[in-house]
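Take a look at the structure below.
The values are calculated or read from the model by the stated rules, or taken from the named source; none is laboratory data. Please read all numbers here as calculations on a predicted model, not as lab measurements. Neighbour counts are summed over all protein chains in view; Cβ atoms, including those assigned to glycine, are modelled from backbone coordinates with ideal geometry.
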Amino acid sequence: MAGTPEAPTTGPAISVRDVVVSYDGRRVLDGINLDIAHGETMVLLGGSGSGKSTLLRQMIGLEHPQSGQILVNGIDLAKSSEKDLKKVRRSIGVAFQNAALFNSMSVEDNVALALREHTHLAESTIRLMTWMKLAVVGLGEFGKISPQALSGGMKKRAAVARALSLDPEILVFDEPSAGLDPIVAAELDELILALKRAFNMTVVVVTHEMASAFRIADRMAMLYKGKLIAVGTKEELQHNPHPRIRQFFDRVPDQIADSAAVDQYFERYLEGSAT
Amino acid sequence: MTTSVVERLGGATLRQVQYVGALVMQLGDALGDLRRTLPLVGNRNRWRSAIGQMLAVGVDAFPMVAVMAICTGFILAMQGASELRRFGATEFVIDLVTVGFTRELGPLLTAIAVSGRSGSAFSAEIGSMVVTEEIDALRTMAIDPVEFVLAPKFLAALIVLPCLTIMSNACGILAGGLFMRLSTAMALSVYLRDVAHSMVLRDVVTGLVKSVAFATIIVQVGCLEGFRVRGGPDAVGRSTTSAVVKSTFFVILADAGFTAIFYLTGGK
């Protein structure tokens, strides 16, 4: 059904080549090169402002780079015709950070929207397919209600069902565990793994949650200040000596040197007040 | 110091030019997508959404437009009568109200009411869709946001604004009749006969042409303000204010332009 890995297996699913993006003269992405293979789960790691969300927006064709290329199944997103771009977009399912469900429609209509827009299927078929997608994410009985009535975790799962609606080859998650409690976040990780097993999709996940990253990733890529500082398997990254990676993995704050100075100050202050 | 003034002036001018450019480009897209909203030839979901918009923009606005038109008709008749009475020409109030409404006040009042009600609603709706990434979601689903969100509103406004204008004309003129009945005991039938006498097709048509232009301005400005929202909910709030201010401004500017054209080409 979904994710036909036999189709264009020559070359990577997504290829990022020398991508440079600046906003108001500030370089947000600085010469990024990254290949994501078919059927692979790639986790983009990085702190706030590292450029990982920008890279994600580039990969799904919402923005185009100032220089460099983004190829999805060999198609250059910036140079392709409107028709090709639409085709590429239909092969990518995106689950946004805040779910981005349309509040004016029921959950069911959210999932059915792309099918109604892009296919000529009979309404009964669309309903059945929609129910199946919702059942896959465990929301089979919640089709009729408004997205506003769903909890945070359920909203995200509904967003996954919507992302799956056109049977995409590539599934993209922006901060799947943001704003969720650890149990619900873990459930979502399990869902991502289950989907990957079932449909053999290429999965791209942007996150800063290390636990989640380690559970789902085949490979990880670490961004820091718009540059890719490491790409590799979980083990490779775990043993990478790069200070920024160590800092990120060990949860060390940036002002560590300053905090030593603060400690010194307090010590001296306490000594002073004692005498 | 001088350079900074020049720079600032230049920067501000560029921003305005850019804004108008964005408006024109969006209008081009919207006109292209308009066909998709039509019944039978277009996408039935768009037509359904356009009907919803017609109810929201038109039917729900009718009471407000009617009250505004009645009050303004009454005001115009009173103000006119207080002056014209001195020349013993109270009957000219009928001309004043009829010509004033069909040419000018009907379309303008309607546009201002709709801009306040719906222009702000458009920008708030689209702005919050931008903030919650719903517009991005549409694009990743290969659905054009202009076609999906804007085009049905555009079609609805193009149909509904002329209708509201006609009703506004009727309400204003009837209010003038009420005034004449109260102040000079003129029978309504006599009043209406005089109205029919002073009403010219050209005036009605130019008024409706204006209302179509105003509908375009309100929808395009309202939606563009929404699409340009960046940041959080506070930006949505600012965009609604700016949608009403800018669309009212452009409506009056366009009105001046149209009136000048009709005046110069009108002959008598």
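Can you tell me how many residues in region B:179-204 are among the aliphatic types (A, V, I, L, M) and part of a helix (DSSP H, G or I)?
Of the residues in region B:179-204, 9 are among the aliphatic types (A, V, I, L, M) and part of a helix (DSSP H, G or I).
Are any residues in region A:92-146 of a type in the set (A, V, I, L, M, F, W, C), within 14 Å of chain B (Cβ to nearest Cβ), more than 23 Å from A:GLU187 (Cβ to Cβ) and surrounded by 15 or more Cβ atoms within 10 Å (Cβ to Cβ), and if so, which ones?
Within region A:92-146, A:ILE92, A:PHE102, A:ALA112, A:LEU113, A:ALA114, A:LEU115, A:ILE126 qualify.
Only one residue in B:LEU109, B:LEU84, B:LEU55 is assigned to a helix (DSSP H, G or I) and in contact (Cβ under 8 Å) with a residue 24 or more places away in the chain. Which one?
Criteria check complete, one pass: B:LEU109.
Given the residues A:ALA149, A:ALA122, A:ALA135, which is the only one that is within 23 Å of the chain's Cα centre (by Cα) and modelled with pLDDT of 90 or more?
It is A:ALA135.
Could you look through region B:129-144, keep only residues that are facing chain A (nearest Cβ under 7 Å) and out of contact with any strand residue (DSSP E or B) (no Cβ under 9 Å at 6 or more places or on another chain), and pick out the one that is surrounded by the most Cβ atoms within 10 Å (Cβ to Cβ)?
Looking at residues that are facing chain A (nearest Cβ under 7 Å) and out of contact with any strand residue (DSSP E or B) (no Cβ under 9 Å at 6 or more places or on another chain), I get B:GLU134.
Given (1) assigned to a loop (DSSP other than H, G, I, E, B); (2) within 23 Å of A:ALA158 (Cα to Cα), identify the lone condition not met by A:ALA78.
Single failed check for A:ALA78: (2).
One residue is enough: does region B:231-252 have a residue meeting the conditions in a loop (DSSP other than H, G, I, E, B) and either of a type in the set (D, E, K, R) or in contact with a strand residue (DSSP E or B) (Cβ under 6 Å, 6 or more places away or on another chain) (or both)?
Within region B:231-252 (the criterion being in a loop (DSSP other than H, G, I, E, B) and either of a type in the set (D, E, K, R) or in contact with a strand residue (DSSP E or B) (Cβ under 6 Å, 6 or more places away or on another chain) (or both)), the answer is no, since none of the residues qualifies.
Across region A:73-91, which residue is farthest from A:VAL172 (Cα to Cα) among those that are touching a residue at least 40 places away in the same chain (Cβ under 8 Å) and either within 12 Å of chain B (Cβ to nearest Cβ) or of a type in the set (Phe, Trp, Tyr) (or both)?
If we take residues in region A:73-91 being touching a residue at least 40 places away in the same chain (Cβ under 8 Å) and either within 12 Å of chain B (Cβ to nearest Cβ) or of a type in the set (Phe, Trp, Tyr) (or both), then A:ARG90 is farthest from A:VAL172 (Cα to Cα).
Filter region A:60-72 for residues that are more than 8 Å from chain B (Cβ to nearest Cβ), under 19 Å from the mean Cα position of the chain (by Cα) and in contact (Cβ under 8 Å) with a residue 40 or more places away in the chain and give the result. Reasoning before the result, please.
To start, the set of residues in region A:60-72 that are more than 8 Å from chain B (Cβ to nearest Cβ) comprises A:63-72.
The next check asks that each one be under 19 Å from the mean Cα position of the chain (by Cα); those that pass are A:63-65, A:70-72.
A:GLU63, A:PRO65, A:ILE70, A:LEU71, A:VAL72, listed by residue number.
Could you grab me the full set of residues in region B:112-146 that are part of a helix (DSSP H, G or I) and over 21 Å from the mean Cα position of the chain (by Cα)?
The answer is B:SER128, B:MET129, B:VAL130, B:VAL131, B:GLU134, B:ILE135, B:ASP136, B:ALA137, B:LEU138, B:ARG139, B:THR140, B:PRO145.
Of the residues B:ALA81, B:ALA66, B:ALA56, only one is surrounded by 12 or more Cβ atoms within 10 Å (Cβ to Cβ) and over 26 Å from B:LEU158 (Cβ atoms); which?
Only one candidate passes the filter, namely B:ALA81.
Residue-by-condition table, conditions (1) away from chain A (no Cβ under 14 Å); (2) within 24 Å of B:GLY222 (Cα to Cα); (3) modelled with pLDDT under 95; (4) assigned to a loop (DSSP other than H, G, I, E, B):
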| position | (1), (2), (3), (4) |
| --- | --- |
| B:LYS153 | no, yes, no, no |
| B:ALA157 | yes, yes, no, no |
| B:CYS163 | yes, yes, no, no |
| B:ALA170 | yes, no, no, no |
| B:GLY177 | yes, no, yes, no |
